[in-house]
Amino acid sequence: MAIAHLFRSHDKDLGGGFTVRRLLPAAARQSIGPFLFFDHMGPVEAPAGARHDVRPHPHIGLATVTYLFEGAIMHRDSLGTEQRIEPGAVNWMTAGSGIVHSERTPEDLLERTRRTHGLQLWAALPREHEETPAAFSHTPADRIPEIALPGATVRLLVGSAFGQTSPVPTFSQTLYLDVQLAPGAAIELNDLPDETALYAPFGTIEIDGEPVPANTMAMLEPGAAVRVSAAAGARFVVIGGAPLDGKRFIFWNFVSSSRERIEQAARDWENDRFVPLAGDNERIPLPQWPPTWRRD
């Protein structure tokens, strides 16, 4: 059987009534390839005047990868970046040794009813790059390679597939595809990374004839070549890459191969030692300390 594990999502309240479906980390797996967080945001409809803002907060040791289907988010960070995130673009923020950012509703959308729907993933950085300088990469929708196949369209968000390569920069072998299947269509996926998983934000899919329930991620057996079909049509993502080079500790927004490094980052945030976000005096406070570690 091609499916190694099925992961059901669980709801996570990010504050302000904004709830996401979290697929990773899971009880059975901390990560798939470099990806150790996978949040499905929305679709959520906000009335005029409502804010679903994420106030300034820090990260270390990871990269955030934001991809929208609907809506818009204004990203600001301590590097001085101000970037509007819109559907189809890929935003890769490398936290490395430390960054502070916020994700807010763009001002021009505040006074109208709006929908937000998308995915946000965290990719752990390889050990040798955990302390790399922070950076931000925005790749607009029209620069993402798109491959037309019979009954299917593949957007190559990150990595290489179908003879093409995404311009999004990464630190290790990484794959991230957005695949749309017409009703009754199927697509063959092969030459996949050792760790690969599929998730359908729209519709339901079958992998080699086995249905994958809604809000469920399917991790494939290493080396599997699969046929993915959708009787009623679907849109799904493929994520994966080379296995992580060792265990990661996770506390709040911090990821590291070292507990001590996370403890230092927590003290730095508590004592205002991160570079602040210019013009924004709000901040998310450090959760209660000490942490209960996810993995011992």
At most 15 other Cβ atoms within 10 Å plus a DSSP loop assignment makes a site exposed; report the longest stretch of the chain without any exposed GluC sites (Glu not before Pro).
-> 132-281
Candidates Leu62, Leu181, Leu109: whichever shows maximal mean-square fluctuation once the chain is modelled as a Gaussian network with Cα springs under 10 Å = Leu109
Helical contribution to [θ] at 222 nm, DSSP H n ≥ 4, -39,500 (n - 2.57), averaged over the chain, rounded to 500 = -1500 deg cm²/dmol
Taking the chain as a Gaussian network, Cα atoms linked when under 10 Å apart, which of Leu119, Leu175, Leu79 shows the biggest mean-square fluctuation?
-> Leu79
Rounded to one decimal in nm, the spacing of the 7 Å Cα→Cβ label points at Ala141 and Asp194 is 3.7
What full-extension length gain, to one decimal in nm, is calculated for Glu206 and Ala48 as 0.36 nm per residue of separation minus the Cα-Cα distance?
-> 53.0 nm
Dipole of the chain, Cα-centred, from +1 at each Lys and Arg C-beta and -1 at each Asp and Glu C-beta, to the nearest 20 debye?
-> 400
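What number comes out for the charge environment of Ala152, summing +1 per Lys or Arg and -1 per Asp or Glu over other residues with Cβ under 15 Å away?
Result for the neighbourhood of Ala152: -1.
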Which cross-chain or sequence-distant (5 or more) residues have an amide H under 5 Å from the amide H of Ala185, H modelled 1.01 Å from N in plane?
-> Ala230, Gly233
For His10 and Ala148, what does the FRET efficiency come to when R0 = 41 Å and r is the distance between their Cβ atoms, rounded to the nearest 0.05?
-> 0.70
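We did not get these values from a lab; they are worked out from the coordinates using the rules stated. What you see is a predicted model, and the numbers here were worked out from it, not measured in a lab. Cβ sites come from the backbone with ideal geometry, for glycine too, and all protein chains shown count toward neighbours.
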